[in-house]
1. At 0.36 nm per residue, minus the direct Cα-Cα distance, what do residue 19 and residue 93 gain on full extension? Give it in nm, one decimal, please.
2. So between residue 62 and residue 100, what do we pick up on full extension, going 0.36 nm a residue minus the alpha carbon distance?
3. Hey, with R₀ at 22 Å, roughly what FRET efficiency would residue 28 and residue 6 work out to, going by the Cβ-Cβ distance, to 0.05?
4. Order by neighbour count: 83, 138, 109, fewest other Cβ atoms within 10 Å first, most last.
5. Please list 123-134, 11-22, 69-80 highest first by mean number of surrounding beta-carbon atoms within 10 Å per residue.
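Read the figures in this text as sums done on the coordinates, not as results from a lab. Please read all numbers here as calculations on a predicted model, not as lab measurements. Cβ atoms come from the backbone with ideal geometry, glycine included; neighbour counts cover every protein chain shown.
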């Protein structure tokens, strides 16, 4: 008569296999065993009150934005912000093209002097760590103050207009 000796490691493995199988079966039965087909329900329709007042809630604008940008985003869904250094003659051309592109798409335009820390500082603080505002360049902000497009350097007015249309 032969006897088979099973090592302790094999016993533990067999026990874990049986236990895992039982737990998996129990989970399937508990999670899916009692499922019923979905029944269709009609949505409840709320009747408007005849004397009720309609309150229009506008999204709040990021309070950390500087006043010129903040005020435009309160009135319009997007704003183009042109960044320039007043000591640079080249920056003027970039700002003029960005302004023309914004005007062509009927989006407000705000200029930001990069040497004015009261305006440029808060915008720089809202950028990801280590980034600086373009010099020269422009950015498109969408309400509530999300930067949706940024151009470092010159872009012709048609390119600016297309960027504004794409930033919807």
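1. 19.2 nm
2. 11.0 nm
3. The computed FRET efficiency comes out at 0.15.
4. Details: 83 27, 138 32, 109 18.
Placing the least packed residue first, the sequence is 109, 83, 138.
5. The most tightly packed comes first, giving 69-80, 123-134, 11-22.
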